[in-house]
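What follows is one structure encoded as structure tokens, with my remarks underneath.
Just so it is clear, none of the values below were taken in a lab; they were calculated from the coordinates. What you are looking at is a predicted structure, and each value in this text was computed from that prediction instead of being measured. Cβ placement follows ideal geometry from the backbone for every residue including glycine, while neighbour counts extend to all protein chains displayed.
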Amino acid sequence: MLEWLIIGGGIHGTYLANLLTHLPGTRHDQVRILDPHPLLLAAWERNTANCGMAYLRSPATHNIDRPILSLYRYAQARGETARTAFIPNYNRPSLELFQRHCRHVIAANRLEQLHRCGRARTVKKDGRHLVVETDDGPLRARRLLLAVGMSDQPCWPGWAQALKVEGARIAHVFDADFKRSEWTRNRRTIVVGGGITAVQTALKLAAETRGTVHLLSRHALRENPYDFNPCWIGPKCLRAFYRADLAQRRATIDKARIAGSLPSEVLAAFNQALSADRIEFSEAACNGATSTNDGVRLRTSASVLEADQVILATGFTPRRPGGALVDRLIRDFDLKCNPCGYPLLGADLRWAENIYATGPLAELQVGPCARNIVGARNAGRILLHGLGHTPRRPPGR
Ligand SMILES: Cc1cc2nc3c(=O)[nH]c(=O)nc-3n(C[C@H](O)[C@H](O)[C@H](O)COP(=O)(O)OP(=O)(O)OC[C@H]3O[C@@H](n4cnc5c(N)ncnc54)[C@H](O)[C@@H]3O)c2cc1C
């Protein structure tokens, strides 16, 4: 019998599996991670590779091992503390180093052995156990941890959906089947979006194609080192967050998350490419699009743009993640949600008896950093405290 079944093998599911397998009284083989991809972290690796990310936005202390300095020590032990491995601020690791360290942590802690490849469809209660129906038969566990993340829901604006139906060449950089190498051959590409993903994707394509790359952003490109103020990781900001009611917390999270911004080195690289005419840029909203004989035509608030293909880098839809699985869970277990649709979890991340959540599903309890790597670490501290494994109070509580 499993003690824990974790649904989702992304950064959150993998980090928390690492934590839970080390709890006193929990055997390694009493934890499972259910994820539809062939390997843990596959969605993370695909998305970061497709957008051509070179360095993480977060510091090295935000990693998937239990010791906070693990990534830094891993690099140090291999003599990899040079400027190419980390960049300011606070030692941001290269993506290559971060991925290598993830694989090292997964291997050292035998986490891939816990991975069952499949998708959870429904959850039922059977006495003291929970039974999860998967594509590959049922899994029984005492406790369930939902770590489903956003990666299954790339955001497709209405005009883009219509364009796809018309058969135009359009894709989202976070689509499960997107491969950037298949999008470098055409002459004219429009990349839509104004955040770090869009800018990195546009720069990477511009370097890889002989054609033109045009970035279309609704707003001016804006610099910000991180996608939220780091004060949200610790008590400085979280103390007031926990005093607020849940409706207020939603408003606070939406205000605190800095969407559509980029760190200085990415903005500098973009400005350089712009002045060298290696890239084009429009600050305008797309109001509609049509498929033409030789490609696509976008009607923007500033002009009409024509291209052979469009790549969306418009992030994820903000709706509650987890799709039909979470919808059914809410119905069958009568689970409570905030008016925004997101779970009303207890202060210990419990949604119902023996059902817990992390990642975006837990953001009303973890706060504005919930979706990030450090959000998994904070969720771990809350979970362990709630389970009585550590007397140390989680930050801000
Ligand atoms: C390009 C990019 C760069 C980022 N860079 C940073 C950064 O530098 N620093 C930082 O802190 N954060 C960063 N983030 C934000 C965040 O840390 C990542 O998105 C992270 O991958 C989120 O992890 P997750 O486990 O919550 O979700 P996901 O990566 O989405 O993983 C969830 C997994 O659950 C699976 N799943 C969903 N439903 C089911 C089901 N029913 N059954 C079984 N499995 C299911 C999914 O298929 C997926 O594999 C970045 C995000 C992106 C997209």
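Tabulated values for the structure
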{"quantity": "Sparse-neighbourhood loop sites, trypsin sites (Lys or Arg not before Pro) in the stretch 141-196 - DSSP loop, at most 13 other Cβ within 10 angstrom", "calculated": "Lys179, Arg185, Arg187"}
{"quantity": "Segments 243-254, 193-204 sorted - mean Cβ within 10 Å per residue, highest first", "calculated": "193-204, 243-254"}
{"quantity": "24 Å Cα-Cα reach of Lys204 towards lysines, excluding residues that sit fewer than 8 places from it in its own chain", "calculated": "Lys164, Lys179"}
{"quantity": "Antiparallel %, DSSP beta bridges [both residues in the chain], to 5", "calculated": "50"}
{"quantity": "Surrounding net charge for Arg142, when Lys and Arg each add one and Asp and Glu each subtract one, Cβ distance under 9 Å", "calculated": "+2"}
{"quantity": "Estimated inter-spin distance, Thr184 and Arg210, nm [label 7 Å along Cα→Cβ]", "calculated": "1.3"}
{"quantity": "Kirkwood hydrodynamic radius (C-alpha pairs) into Stokes-Einstein, the stretch 272-397, 20 °C and 1.002 mPa s, D in µm²/s", "calculated": "117"}
{"quantity": "Under 25 Å from the Cα of Lys336 - lysines, other chains or at least 8 residues apart", "calculated": "Lys124, Lys125, Lys255"}
{"quantity": "For Arg397, net neighbour charge (Lys/Arg +1, Asp/Glu -1) across residues whose Cβ lies under 12 Å away", "calculated": "+4"}
{"quantity": "0 to 90° range, to nearest 10: angle between helix 373-386 axis and the chain longest Cα axis", "calculated": "20"}
{"quantity": "Cα point-scatterer Debye curve for the chain, base-10 log of I(q)/I(0) at q = 0.12 Å⁻¹", "calculated": "-1.00"}
{"quantity": "Net lengthening on full extension, Ala176/Ala324 (0.36 nm per residue, minus Cα-Cα)", "calculated": "51.5 nm"}
{"quantity": "For q = 0.15, 0.16, 0.17, 0.24 Å⁻¹, Debye-computed log10 I/I(0) when each Cα of the stretch 27-134 counts as one equal scatterer", "calculated": "-0.74, -0.81, -0.88, -1.31"}
{"quantity": "Restricting the stretch 25-65 to trypsin sites (Lys or Arg not before Pro) in coil, as DSSP defines it, with at most 14 other Cβ within 10 Å", "calculated": "Arg27"}
{"quantity": "Semi-axis lengths, Å, the stretch 239-291, gyration tensor of Cα atoms, sqrt of 5 times eigenvalues", "calculated": "37, 19, 6"}
{"quantity": "Of all DSSP beta bridges in the stretch 125-264, antiparallel share, percent nearest 5", "calculated": "55"}
{"quantity": "Sorted peptide list for 206-219, 370-383, criterion being average Cβ within 10 angstrom, highest first", "calculated": "370-383, 206-219"}
{"quantity": "Sum of side-chain charges, Val131 neighbourhood, beta-carbon under 12 Å (Lys, Arg +1; Asp, Glu -1)", "calculated": "+3"}
{"quantity": "Size of electric dipole in the chain: Cβ of Lys, Arg +1 and of Asp, Glu -1, about Cα centre, debye, nearest 20", "calculated": "1080"}
{"quantity": "Residue among Ala60, Thr290, Leu312 farthest towards the positive dipole end of the chain, charges placed on Cβ", "calculated": "Ala60"}
{"quantity": "Amide H contacts under 5 Å for Ile258, placed H, 5+ residues apart", "calculated": "Phe228"}
{"quantity": "The chain: calculated mean residue ellipticity at 222 nm from DSSP helix runs of at least 4, using -39500 (n - 2.57)", "calculated": "-9000 deg cm²/dmol"}
{"quantity": "Loop GluC sites (Glu not before Pro), the stretch 265-361, which have at most 14 other Cβ atoms in a 10 Å radius of their Cβ (DSSP)", "calculated": "Glu353"}
